[in-house]
1. Among the listed residues Phe75, Phe35, identify the single one that is of a type outside the set (S, T, N, Q) and farther than 20 Å from Leu155 by Cα.
2. From the list Pro324, Pro320, which one is part of a loop (DSSP other than H, G, I, E, B) and touching a Ser or Thr at 6+ places or on another chain (Cβ under 6 Å)?
3. Restricting the search to the stretch 265-304, which residues are open to solvent by less than 40 Å² (accessible area, probe 1.4 Å), free of Cβ contacts under 8 Å to residues at least 24 places away in the same chain and in a strand (DSSP E or B)?
4. Pairs please, first residue from the stretch 134-149 and touching a residue at least 12 places away in the same chain (Cβ under 8 Å), second anywhere and surrounded by 14 or more Cβ atoms within 10 Å (Cβ to Cβ) and basic (Lys, Arg), Cβ atoms under 6 Å, 6+ apart in sequence or on different chains.
5. Restricting to the stretch 25-63, name every residue that is within 14 Å of Gly13 (Cβ to Cβ), free of Cβ contacts under 8 Å to residues at least 40 places away in the same chain and touching a helix residue (DSSP H, G or I) at 6+ places or on another chain (Cβ under 7 Å).
6. Among the residues of the stretch 173-218, what is the count of those that are open to solvent by 70 Å² or more (accessible area, probe 1.4 Å), at pLDDT below 80 and not in a loop (DSSP other than H, G, I, E, B)?
7. How many residues does the stretch 74-97 hold that are modelled with pLDDT of 95 or more and either under 18 Å from Ala20 (Cα atoms) or of a type in the set (Asp, Glu) (or both)?
Amino acid sequence: MKKKKVIIGLSGGIDSAASAHLLKNEGYEVIGVTFNFLDAENTINAARLVAEKLEIEHHVLTAQDQFREKVIDPFIAGYQQGETPNPCMLCNQNMKFKLLGEFAAANGDAMIATGHYAEIRKHKNGYQLWASSNPNKDQSYFLYHLDQELLGRLLLPLNRFESKAAVREIILGLLPELSRGKESQGICFIPKKGHGLFLKDAMFGNKPTASGNFVDMTGKILGRHPGIHQFTLGQTRGLGINSEQRLAVVEVIPATNTVVLDEEKALYQSAIFVDELIIQSPKGLPETGFTFKTCRWGHEYEGRIERLSRTQAIVHSCVPVRAPAPGQALVFYQGRQVLGGGIIKRF
């Protein structure tokens, strides 16, 4: 019997290497694909080494122009609008899964696979995405956008593992140096600890100053700040303002280069506007009886949804939510099942 092909996103890291190894042992014809989004030679070389050790076919897909257009530019534009966009979400939605699907379709309608920690279940009415049984590693929040066609061909081999240590053991004998490696953190296109400098250069260029005013809710000037790129909704540290009250960033206004400060209680909202709504569950999204998150590690809130259109809604939380940030995703759950999600926007 001919082996079923599976195209796996191969980053050269622990998770994708272990996933490829597991799939090969299960009898799949595994083909590794590494994305060259940033001319990252180290990543490509690491992935190539993994492919050589596993003795699998390996391809490098170069898409630097598309990555800038679909990920970097929207990330910068979001901050220019006073939002806090999630570049990993943008990359998953606009680049990685799209390119994997296209490559798989061109290779005998193959399956696809990634090293994400989540679960896919098949039911009579379609496919369901579930949060990982390992809550400390769950990445289902980043996958709410996947449609039925992609869910039907996606394999997530790491869901069976309850710890990262168990995943490391999978490749300890094969790639001992990789098994001891640290997990990647931060934003891939921003130098380490260079988030503020990157945004300042992208947003203000050669302008002599990016500074502006801190103001309170009445517009009273409280002080000066070094640039709106340094601040996000809910931030309480690094403000440099002397106050008897604990102040937090409650709004960023790019048009006037202003950061609005107020007491912590001003951050809490019971109604959250969501745009670009995607309902993943074949059964749709109930009006009530679900929970939602406004960030990957955030608390799950109970609520109800008020649909405004096919792609817009207001989510009413049973308890106020601290600082739901425009540009971030709001993802719906029912137990561990992902129902869908959308992007938080200002009213």
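1. On the way: Phe35 fails: farther than 20 Å from Leu155 by Cα.
Exactly one residue qualifies, and that residue is Phe75.
2. Details: Pro320 fails: part of a loop (DSSP other than H, G, I, E, B).
Being part of a loop (DSSP other than H, G, I, E, B) and touching a Ser or Thr at 6+ places or on another chain (Cβ under 6 Å) holds for just one of Pro324, Pro320, which is Pro324.
3. Those that are open to solvent by less than 40 Å² (accessible area, probe 1.4 Å), free of Cβ contacts under 8 Å to residues at least 24 places away in the same chain and in a strand (DSSP E or B): Tyr301, Gly303.
4. Within 6 Å, the pairs are Tyr141/Arg296.
5. Gly32, Thr34
6. Adding up the residues that qualify gives 1.
7. Number of matching residues: 2.
To keep it simple, each residue is scored yes or no on (1) closer than 20 Å to Pro324 by Cβ; (2) in contact with a Cys (Cβ under 6 Å, 6 or more places away or on another chain); (3) aromatic (Phe, Trp, Tyr).
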| residue | (1), (2), (3) |
| --- | --- |
| Glu52 | no, no, no |
| Glu55 | no, no, no |
| Gln64 | no, no, no |
| Lys70 | no, no, no |
| Phe75 | yes, no, yes |
| Pro87 | yes, no, no |
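The values are calculated or read from the model by the stated rules, or taken from the named source; none is laboratory data. Note that the coordinates shown come from a computational prediction; the quantities given were computed from them, not determined experimentally. Here Cβ is always computed from backbone atoms with ideal geometry, including for glycine, and neighbour counts include all displayed protein chains. Calculation scope for accessible area: heavy atoms of the full protein, side chains included, ligands and nucleic acids excluded. Shrake-Rupley method; radii C 1.70, N 1.55, O 1.52, S 1.80 Å.
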